[in-house]
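Readers should treat all values here as calculations from the given coordinates under stated rules, not as data from a laboratory. Quick caveat, the model's predicted, so the values are computed rather than measured. Virtual Cβ from ideal backbone geometry, glycine too; neighbours counted across all protein chains shown.
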Amino acid sequence: MPVSDAVGRRGPALARLVRYGLSGAASTVTHFGIGLLGVHLLHLRPVVASTAGFLAGVVVSYLLQRGWVFRSAAGHALAGSKFLVVTGVAVTVNTLVLWLGTEVLAVPYPIVQPLALTLIALVNYSLNARWTFA
C-alpha cells in the first residue's frame with residue numbers, strides 16, 4: 001500500500017484523536033481549575049474539590065465529545081446514558097487515585113490529580129469510542 005493511502009486512511013482517526021485531545025484539554029482545565037480553586041480558596045478537602053471539578057468537566061466533555069469529537073447522531077437518551085456509565089467508571093478511578101495519593105500517601109494534590117486525569121483520559125477514549133458513540 002502506498003504511503004499516501006496509509007496516511008489518508010489514518011487521517012480521520014488522527015483528526016478524531018486530535019479533537020479528543022482538545023476536548024479533553026477543555027474538560028481537564030475545567031476539572032483541575034475548579035479543583036484548585038476548591039482546595040486553595042475554599043479550603044475543601046482534595047477529593048471533594050476534585051469531585052466538584054470532575055462533575056463540571058463531565059458536562060464540557062459530553063457536549064464536545066458527542067457533537068464534535070465523535071460526531072455522533074445517537075440521541076441524548078442513549079448516548080447520555082452510556083456516557084454516564086463511562087463517567088461512573090472515570091469518577092471511581094479519579095476518587096481512588098486521589099484518595100490513595102493525597103490521603104494515604106500524602107502526596108500533594110497538584111501532583112496526584114494529573115496522574116488521575118491521565119488514567120481517566122485513557123479509559124474514557126477507549127470506552128466512548130468503542131461503546132458510547134460507536
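From the list VAL91, VAL104, VAL85, pick out the single residue that is closer than 27 Å to PRO12 by Cβ and either touching a helix residue (DSSP H, G or I) at 6+ places or on another chain (Cβ under 6 Å) or not charged (D, E, K, R) (or both). I'd like the intermediate steps shown before the answer.
Numbers: VAL91 fails: closer than 27 Å to PRO12 by Cβ; VAL104 fails: closer than 27 Å to PRO12 by Cβ.
Answer to the selection: VAL85.
Does region 60-116 hold any residues that are more than 20 Å from VAL39 (Cβ to Cβ), not in a helix (DSSP H, G or I) and not hydrophobic (A, V, I, L, M, F, W, C), and which are they?
Correct list: ARG71, SER72, GLY75.
Any idea how many residues of region 72-98 are surrounded by fewer than 17 Cβ atoms within 10 Å (Cβ to Cβ), more than 17 Å from LEU127 (Cβ to Cβ) and touching a residue at least 12 places away in the same chain (Cβ under 8 Å)?
Number satisfying all stated conditions: 1.
VAL47 passes all but one of (1) touching an Asp or Glu at 6+ places or on another chain (Cβ under 9 Å); (2) touching a residue at least 60 places away in the same chain (Cβ under 8 Å); which number fails?
Here VAL47 meets the rest and fails (2).
Filter region 99-109 down to the residues that are of a type outside the set (Asp, Glu) and touching a residue at least 40 places away in the same chain (Cβ under 8 Å) and list them by number. Write out each step before concluding.
Pass one, region 99-109, residues of a type outside the set (Asp, Glu): 99-102, 104-109.
Answer for region 99-109, where residues must be of a type outside the set (Asp, Glu) and touching a residue at least 40 places away in the same chain (Cβ under 8 Å): TRP99, THR102, TYR109.
Please determine whether any residue of region 2-15 is surrounded by 13 or more Cβ atoms within 10 Å (Cβ to Cβ), among the charged types (D, E, K, R) and on the phi < 0 side of the Ramachandran plot. Before you say what the answer is, go through the steps one by one.
Within region 2-15, the first condition is being surrounded by 13 or more Cβ atoms within 10 Å (Cβ to Cβ), and the residues that meet it are none.
Checked against the condition, which is being surrounded by 13 or more Cβ atoms within 10 Å (Cβ to Cβ), among the charged types (D, E, K, R) and on the phi < 0 side of the Ramachandran plot, region 2-15 yields no hits at all.
Considering region 46-95 alone, what residues qualify as being over 18 Å from TRP131 (Cβ atoms) and touching a Lys or Arg at 6+ places or on another chain (Cβ under 8 Å)?
TRP68
So in region 59-68, with the set limited to residues that are crowded, with 17+ Cβ neighbours inside 10 Å and free of Cβ contacts under 8 Å to residues at least 60 places away in the same chain, which one is nearest to LEU14 (Cα to Cα)? Can you show your working first?
Of region 59-68, the ones crowded, with 17+ Cβ neighbours inside 10 Å are 60-62, 64-66.
Subset that is free of Cβ contacts under 8 Å to residues at least 60 places away in the same chain: 60, 62, 64.
Working: VAL60: 21, TYR62: 20, LEU64: 17 Å.
The qualifying residue nearest to LEU14 (Cα to Cα) is LEU64.
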